[in-house]
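All remarks here apply to the structure that follows.
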Amino acid sequence: MLRIGLTGGIGAGKSTVSAMLVDHGAVLIDADKIAREVVEPGQPLLEKLAEAFGPQVLHPDGSLDRPALASAAFVDSEHTAQLNGLMHPAIRDRTAEHFARHADAEIVVHDVPLLVENSMTPAYHLNLLVDVPAEVRLQRLMDSRGMDRDDAAARISRQADDETRRAACDVIIDNSGSVEETKTAVGRLIETRIRPFAANLASGQRAPKAALELVDSADADWAGDAQRVLAKLRFGTGDEFAIDHIGSTSVPGLPAKDVIDLQLIVPDLTAARDLAPRLAELGYPGTELSDHLGEGGTEPKWFHANTDPGRAVNLHVRTADSVGARFARAIRDLLTEDAGERDRYLQMKRELMAAAQAADGTDEQKTEAYAESKEPYFLEMRRRLVPDSFD
């Protein structure tokens, strides 16, 4: 199952976008609907709320009196915490039931208004933000819901700001224009990213490799992309392993192929093998390979790559004391700190890439040729940065 988190500020039009996703075959799980379900008459939570906050939180017909509950629960932080302690487990368990009910679905969209505020984004393969500037949302709330300006502004201010949401989400859907414009954007997203992502995830197949070209770091958000992927991997593996950003995209200001290289450290290769199925579920199928150390030397590791066609990721799973792990960190740190070495490396990359692009062969063959052509440089730098590996 491809798990998608969907969010957006109040007035952004999440329901409009979620309906479009459903029209394309996605299953929708609505967090607001679940929050209403768990307090319906006959639900165990309703009785618990009445016990905790008094019978006045119920209408005469036994249904929840929401204003009365708010008055009783938000008088101070202690009562608010008590409310959260009752509501959150009930919502969590009911949400799990909904996901289990749709276990065979290809794509499940979880519509959560406070996805970012509650730090939930790492739990999903992909997070979509329905994005409308706050000022536009303010006007929409006044026009469509009849709110006065102060009330609408207060509600917007209690949520995450636009910048925070954008930084936390993988895809931004601009819903500030017409419905038709949004429908076109959602359809394009489904066809080019979501549906291929789901198919790759189901089959355990990596997405096509990134193009063989250098991208200027000013034109990419590699640090942000890496942080989002790292958060998902850490959450998905129980935060058990050290994972960090390596490779050219981890070096500020260095043009690079549009690939996020990450390194996950395990105690031994048995742990790497045991971890492989879980990484595949998270969207990173892998296989056991070897690092080439030069002069015929190799070192085993596991290599995983992205099923998401919208974000190329290479995940290297290595042991802590391996040459590969130590060198990956050392060369990253050197290129970050030494401008002269960074310029030398960039010049070499440009020359080798131009040669690879001009050669005959498929795109994959050209990419492999480019990678192999950098090996003499890496051998030189391994001798310099990890000299004990050649003893």
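Centroid-to-centroid, using Cα positions, the range 98-116 and the range 268-304 are 31 Å apart. By the equivalent-ellipsoid construction on the alpha carbon gyration tensor, the range 276-365 comes out with semi-axes of 25, 20, 15 Å, ordered largest to smallest.
For Asp148 and Phe235, the FRET efficiency from 1/(1 + (r/R0)^6), where r spans their Cβ atoms and R0 equals 45 Å, is about 0.65.
Over the C-alpha atoms of the range 135-229, the Rg to Rh ratio, Rh being the Kirkwood estimate, stands at 1.08. Placing pseudo-labels 7 Å out from each Cα toward the beta carbon at Glu191 and Ala223 gives an inter-label distance of 3.7 nm. In loop segments of the range 45-117 as defined by DSSP, the chymotrypsin sites (Phe, Trp or Tyr not before Pro) with at most 11 further C-beta atoms inside 10 Å of their C-beta are Phe74.
Based on DSSP H segments of at least four residues, each scored -39500 (n - 2.57), the chain has a per-residue ellipticity at 222 nm of -15000 deg cm²/dmol. Remark: the Asp321-Arg350 segment gains 7.3 nm on full extension, using 0.36 nm per residue and subtracting the alpha carbon distance.
Take the Cα of Val136, step 7 Å toward its Cβ, do the same at Asp360, and the gap between the two points is 5.2 nm.
Extension gain, Ala167-Asp338: 0.36 nm per intervening residue step, less the Cα-Cα distance, totals 58.7 nm.
Note on the range 197-315: with neighbouring protein chains present and a 1.4 Å probe, carbon and sulfur make up 51 percent of its accessible heavy-atom surface.
Only Cα pairs within less than 10 Å get springs; with that Gaussian network setup on the chain, which residue of Asp333, Asp143, Asp321 has the largest fluctuation? Per the Cα network of the chain with a 10 Å cutoff, Asp143 tops the list. Modelled label positions at Ala19 and Glu181, each set 7 Å beyond Cα in the direction of Cβ, lie 1.9 nm from each other. Of the solvent-accessible surface of the range 1-104, computed with a 1.4 Å probe and all protein chains present, 53% belongs to carbon and sulfur.
With 0.36 nm allotted per residue and the present C-alpha distance subtracted, the Gln82-Asp274 stretch has 65.1 nm of extension available. Between the C-alpha center of the range 14-86 and that of the range 203-245 there is a gap of 36 Å. The calculated P(r) of the range 1-112, using every Cα pair and 5 Å bins from 0, goes 2, 11, 18, 19, 16, 14, 12, 7, 2, 0 in percent.
Residues in the chain average 49 Å² of solvent-accessible surface per residue, probe 1.4 Å, ligands and nucleic acids excluded. With only the Cα atoms considered, the range 184-283 has a convex hull volume of 127 Å³ per residue.
The values are calculated or read from the model by the stated rules, or taken from the named source; none is laboratory data. Predicted model, so just to flag it, every value in this text is computed and none were measured. Heads up, the Cβs are rebuilt from the backbone with ideal geometry, glycines too, and the neighbour counts pull from every protein chain shown. Ligands, DNA and RNA are excluded from the accessible area calculation, which covers all protein heavy atoms including side chains. Shrake-Rupley method; radii C 1.70, N 1.55, O 1.52, S 1.80 Å.
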